[in-house]
Amino acid sequence: MKKTFQILIGNLILISLILSINSTNYLINTNQIKTAAAGDVWTSSGGTQLINSTFNIYIYVDTGSQKLATFGIEIEWNQSVIEVLNEEEGVQEGSTIFTLIKNVDNSTSYMNIAGVNIIGKGPSSNLQILTISWRAISIDESILDITVNNLSDENTNPIGMLNGIDGNVEVVLEKHKFSD
């Protein structure tokens, strides 16, 4: 009986190691950052923007095999380079309908956003949850630092390993075309 128990424990440890290796994040070279793990939150590419221009950045989540019912994320940026248009009004739900609670402050370059949808949306490996409208205000680069505080399904079960994947935006005076 003791030998059988030891074999069972050994097999469970082996299985958990295999599963942890398979859920490791990796990047796929596409138009936007994409990972393979449930619980990841990332931005569309901010790319290169002209000074004084306005642009949108989209926030996505990988829900794995679950529906997303609640989320809580924080985003920080360089306030001397970009700002959110009209603060709270500049943050809207993405392609899915969520009731949003928003705290956006350009003076501290910080936003805290929570979203709720009772029945949940998804499952999806590319669920667009937010659209954020920005203005480029000076020449430089800004990281969009994402912290994920909560992702849960309609039964309040957590979704994946919470992982914010930072984005970035570069602001330039003018875009140049290079010829051969």
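The values are calculated or read from the model by the stated rules, or taken from the named source; none is laboratory data. Keep in mind the model is a prediction, meaning the values are calculated, not measured. Every residue, glycine as well, gets a Cβ built from its backbone with ideal geometry; the counts of neighbours run over all protein chains shown.
Take the residues of segment 151-180 that are surrounded by 14 or more Cβ atoms within 10 Å (Cβ to Cβ) and of a type in the set (S, T, N, Q): which is nearest to Trp77 (Cα to Cα)? Per the stated criteria, the residue is Asn168.
This table checks each residue for (1) at pLDDT 95 or above; (2) polar (S, T, N, Q).
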residue	(1), (2)
Leu27	no, no
Ala36	no, no
Val41	yes, no
Asn52	yes, yes
Tyr58	yes, no
Thr63	yes, yes
Gln66	yes, yes
Ala69	yes, no
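Restricting attention to segment 117-136, and to residues there that are farther than 21 Å from Val81 by Cα and of a type in the set (Gly, Ala, Ser), which single residue is surrounded by the most Cβ atoms within 10 Å (Cβ to Cβ)? Filtering first and then ranking leaves Gly122. Candidates are the residues of segment 137-150 that are assigned to a strand (DSSP E or B) and hydrophobic (A, V, I, L, M, F, W, C); the one that is surrounded by the fewest Cβ atoms within 10 Å (Cβ to Cβ) is Ile143.
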